[in-house]
């Protein structure tokens, strides 16, 4: 059958079928996410604070991102795999940006890459244009862009147009520029619902929301939030399971059985020795 392609995503988009995306950072979770039927898997730089133990996304290295993407690639059969380019792996020069993006496809098996774009971000838009010209599919990302959190001072909802929040107009124009540059989809993170609707109305490519409201073309969430493996919950997300409790209880049971001698039992060993009476 093969992985989901851009034309297949566009067919769903044209039919009005909501698109689905989740993050994954390793093979076991990616395998389950893929078998669950999502259209796209984003190997996000959100691995920084959800998989690698960092405080945020900024410390994630290119090599870590490539390794995570390759692990997901090896497990996935049907979903499109999108590699998220980490902080300063793009933008320092056009040549280096293209080379690093290419590594996601040539070395890690990604089907596309994602880049965050600041409002009116000309540098990133130029990179998107060059990548799409060379055959590298690109997902844009506007709204709250975590790689710029130090600059804007925190996780402010975007589209309100006050202080560290960009205006709706700025985000609409940035989305239009990304579409013109060749981005085949645009992620909207932590924006007002009106912003999500206006951006979606303004572009002719699918918009994927995370905290962007109900009037976008699809949704993405962080898989550890969905599975209940995160240490905190977020308004923009929804927890569908409580694996923290399941894992904790399983580990406790293992520890108890080892200490009591219940594990391993005869069925867990090779050529068990007959017990002496």
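The values are calculated or read from the model by the stated rules, or taken from the named source; none is laboratory data. What you are looking at is a predicted structure, and each value in this text was computed from that prediction instead of being measured. Don't worry about glycine lacking a Cβ; one is built from the backbone with ideal geometry, like all the others, and counts go over all protein chains shown.
Of all the strands (runs of 3 or more DSSP E) wholly in the stretch 18-87, which have at least 1 residues that are more than 19 Å from residue 138 (Cβ to Cβ) and either in contact (Cβ under 8 Å) with a residue 40 or more places away in the chain or touching a helix residue (DSSP H, G or I) at 6+ places or on another chain (Cβ under 6 Å) (or both)?
Numbers: elements: 19-23, 40-43, 80-84.
Passing ranges, in order: 19-23.
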Has the stretch 200-219 got any residue that is at negative phi, out of contact with any strand residue (DSSP E or B) (no Cβ under 8 Å at 6 or more places or on another chain) and outside any loop (DSSP other than H, G, I, E, B)?
yes
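If you take the residues of the stretch 158-173 that are assigned to a helix (DSSP H, G or I) and surrounded by fewer than 24 Cβ atoms within 10 Å (Cβ to Cβ), which of them is nearest to the chain's Cα centre (by Cα)?
Step one: list which residues in the stretch 158-173 are assigned to a helix (DSSP H, G or I), which gives 168-173.
Checking which are surrounded by fewer than 24 Cβ atoms within 10 Å (Cβ to Cβ) leaves us with 168-170, 172-173.
Details: 168: 24, 169: 25, 170: 24, 172: 22, 173: 23 Å.
Within the stretch 158-173, the match that is nearest to the chain's Cα centre (by Cα) is 172.
If you go through the stretch 93-127 one residue at a time, how many are within 22 Å of residue 190 (Cα to Cα) and in contact with a strand residue (DSSP E or B) (Cβ under 7 Å, 6 or more places away or on another chain)? Full working, then the answer.
Of the residues in the stretch 93-127, the ones within 22 Å of residue 190 (Cα to Cα) are 113-122, 124-125.
From what's left, in contact with a strand residue (DSSP E or B) (Cβ under 7 Å, 6 or more places away or on another chain): 113-117, 124.
The number of residues fulfilling the criteria is 6.
From the set of residues in the stretch 140-152 that are farther than 18 Å from residue 198 by Cα and in contact (Cβ under 8 Å) with a residue 60 or more places away in the chain, which is surrounded by the most Cβ atoms within 10 Å (Cβ to Cβ)? Full working, then the answer.
Quick first cut of the stretch 140-152, residues farther than 18 Å from residue 198 by Cα only: 145-152.
In the following step, the residues that additionally are in contact (Cβ under 8 Å) with a residue 60 or more places away in the chain were identified as 146-147, 149-150.
Numbers: 146: 20, 147: 22, 149: 16, 150: 11.
Filtering first and then ranking leaves 147.
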Would you confirm whether or not the stretch 240-259 contains a residue that is closer than 30 Å to residue 166 by Cβ and under 18 Å from the mean Cα position of the chain (by Cα)?
no
Can you tell me which residues in the stretch 20-43 are over 23 Å from residue 185 (Cα atoms) and either in contact with a strand residue (DSSP E or B) (Cβ under 9 Å, 6 or more places away or on another chain) or surrounded by 20 or more Cβ atoms within 10 Å (Cβ to Cβ) (or both)?
29
So, of the residues in the stretch 185-202 that are crowded, with 21+ Cβ neighbours inside 10 Å and in contact with a helix residue (DSSP H, G or I) (Cβ under 6 Å, 6 or more places away or on another chain), which turns out to be farthest from residue 165 (Cα to Cα)?
186
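Yes/no per residue for (1) in contact with a strand residue (DSSP E or B) (Cβ under 6 Å, 6 or more places away or on another chain); (2) under 16 Å from residue 114 (Cα atoms):
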{"residue": "10", "(1), (2)": "no, no"}
{"residue": "18", "(1), (2)": "yes, no"}
{"residue": "61", "(1), (2)": "no, yes"}
{"residue": "91", "(1), (2)": "no, yes"}
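Could you please let me know if residue 121 is crowded, with 18+ Cβ neighbours inside 10 Å and more than 21 Å from residue 10 (Cα to Cα)?
Details: crowded, with 18+ Cβ neighbours inside 10 Å: yes; more than 21 Å from residue 10 (Cα to Cα): yes.
The answer is yes for residue 121.
Got at least one residue in the stretch 222-234 being within 30 Å of residue 179 (Cβ to Cβ) and at pLDDT below 95? Before you say what the answer is, go through the steps one by one.
The first filter runs over the stretch 222-234 and keeps only residues within 30 Å of residue 179 (Cβ to Cβ), leaving 222-223, 225-226, 234.
Next cut, at pLDDT below 95 only: 234.
Yes: one or more hits.
Could you tell me which of the residues 102, 109, 155 is free of Cβ contacts under 8 Å to residues at least 40 places away in the same chain and part of a loop (DSSP other than H, G, I, E, B)?
Values: 102 fails: part of a loop (DSSP other than H, G, I, E, B); 109 fails: free of Cβ contacts under 8 Å to residues at least 40 places away in the same chain.
155 is the lone residue from the list that is free of Cβ contacts under 8 Å to residues at least 40 places away in the same chain and part of a loop (DSSP other than H, G, I, E, B).
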Any residue at all in the stretch 128-139 that is part of a strand (DSSP E or B) and within 28 Å of residue 198 (Cα to Cα)?
yes
Failed item, numbered, when residue 104 is tested on (1) more than 21 Å from the chain's Cα centre (by Cα); (2) surrounded by 24 or more Cβ atoms within 10 Å (Cβ to Cβ); (3) closer than 20 Å to residue 58 by Cα
(1)
